[in-house]
Amino acid sequence: MVKPTQVTNAIRALRFAHDEMTQAELADRVGVTRQTIIAIEQGRYSPSLEMAFRIARVFRVGLDDVFQYPDTEGDPS
Amino acid sequence: MAFEEKRAWVMILVSVGAYTLYVATVLGRAGDGPLADISYAGTLLWTIGGAIVAAIVAHIAMAIAGGHGADRADERDREINQVSERIGQSLVVIGALAALVMAIAELRHFWIANAVYLAFVLSSVLSSVAKIMAYRKGGFQTW
């Protein structure tokens, strides 16, 4: 079943905090297209773990500082 | 708009355009006799070949017009492509099953060939629509 992603992110805020980095610049440094960065920022795409690490590495922060997941959604049932 | 999304639009235009040309050409030959007697094979093969060449030429033209790296694809593009191809292939299976039933029923080759061609066209269109929806709306990931 297709569900919207529960993952949220702070990429937009992090970009502005890093000298107003453009989406194109972030895309180049991560090695993806600008459209993919836009889709991630808008919550239309959940990146792979590897891509998530690459994004966090660009901003020199931890994964949790870039991506967040609601506590209640991750509880095992 | 993502390069692959543009390619999907081109595929819809090329597939529908080629099939429309084929149907118009074949029906234009229709006389008083049964449809299955119409000469169709050459037109069918030419329109399929023409559609493939047109799609390749359009891809190259878009890549050149977009500049260096315009046709670069990343993992999201590959995921969307896999999902949309899988959706489109469902119609190829349906077309193959239809052709099988028609062959068992000993229908004329005309009907079997046209059923398979229609399945190819619908598969291409469905796959391209699924791709466009995935790029625009997201939601193609199953978690």
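Read-outs: derived from the displayed coordinates by stated rules, not from any lab. What you see is a predicted model, and the numbers here were worked out from it, not measured in a lab. Glycine gets a Cβ as well: all are built from the backbone with ideal geometry, and neighbour counts include every protein chain shown.
Just to check I understand the Karplus step: with θ = phi - 60° and J = 6.51 cos²θ - 1.76 cosθ + 1.60, what whole-Hz values come out for region B:59-65, glycine and proline as x?
4, 5, 5, 5, 5, 5, 5
For a quick check: with amide H placed at 1.01 Å from N, whose amide H comes under 5 Å from A:N9's, ignoring anything fewer than 5 positions away on the same chain?
Residues meeting the amide H criterion: A:Q68.
Taking springs between alpha-carbon atoms closer than 10 angstrom, which of B:I60, B:I104, B:I12 fluctuates most in the Gaussian network model of chain B?
Fluctuation is largest for B:I104.
Using the alpha carbons of region B:74-116, what is the convex hull volume per residue in cubic angstrom, as a whole number?
Spelled out: Cα convex hull of region B:74-116, divided by residues, is 49 Å³.
In whole angstrom, and with the biggest value first, how far do the Cα coordinates of region B:7-131 range along each principal axis?
So the extents along the principal axes, rounded to whole Å, are 55, 27, 17.
Based on Cβ point charges of +1 for Lys and Arg and -1 for Asp and Glu, what charge dipole magnitude is obtained for chain A about its Cα centre, in debye rounded to the nearest 20?
Roughly 280 debye, rounded to the nearest 20.
Given an 8 Å cut-off on Cα distances and at least 6 residues of separation, report the relative contact order of chain B as a percent.
Values: 114 pairs, mean separation 51.6, N = 143.
So the answer I get is 36 percent.
Tell me, what ³J(HN,Hα) does each residue in region A:10-17 have, in order and in whole Hz, if you take phi through Karplus 6.51 cos²θ - 1.76 cosθ + 1.60 with θ = phi - 60° and put x for Gly and Pro?
10, 4, 4, 5, 5, 4, 5, 6
For each of B:K137, B:K6, count neighbouring Cβ atoms within 10 Å of the residue's Cβ, then give the residues from fewest to most.
Sorted ascending by nearby Cβ count, the order is B:K137, B:K6.
For labels at B:E106 and B:I64 in the simple 7 Å Cα→Cβ model, what's the distance in nm?
The two pseudo-label positions are separated by 5.4 nm.
Give a quick list of chymotrypsin sites (Phe, Trp or Tyr not before Pro) in region B:37-110 that DSSP marks as loop, anything other than H, G, I, E or B, with at most 10 other Cβ atoms within 10 Å.
Listed in order of number, the matching sites amount to none.
Say a paramagnetic label sat at a point 7 Å from the Cα of B:I38, along Cα to Cβ; which residues of region B:82-111 have their backbone N under 20 Å from it?
Output list for this probe position: B:99, B:107-111.
Please compute the average number of Cβ atoms from other chains found within 10 Å of each residue's Cβ in peptide A:33-41.
4
With n ≥ 4 as the cut-off for DSSP H runs, can you work out [θ] at 222 nm for the protein assembly as shown, using -39500 (n - 2.57) per run divided by the number of residues, rounded to the nearest 500?
So the helix-based figure for the protein assembly as shown works out to -22500 deg cm²/dmol.
Identify, among A:G62, A:Q6, A:M21, the residue whose Cα sits farthest towards the positive end of the charge dipole of chain A, taking +1 on the Cβ of Lys and Arg and -1 on the Cβ of Asp and Glu, with the dipole about the Cα centre.
A:M21
Please sort B:127-134, B:113-120 by packing, taking for each peptide the average over its residues of neighbouring beta carbons within 10 angstrom, highest first.
So the order, starting with the most tightly packed, is B:127-134, B:113-120.
Quantify how much of the Cα-Cα distance distribution of the protein assembly as shown extends past 21 Å, in percent. The partial results should precede the final answer.
Details: 15580 of 24090 pairs.
More than 21 Å apart: 65 percent of the Cα pairs in the protein assembly as shown.
Size of the dipole of the protein assembly as shown about the Cα centre, Lys and Arg at +1 and Asp and Glu at -1 on the beta carbon, nothing else charged, in debye to 20?
340
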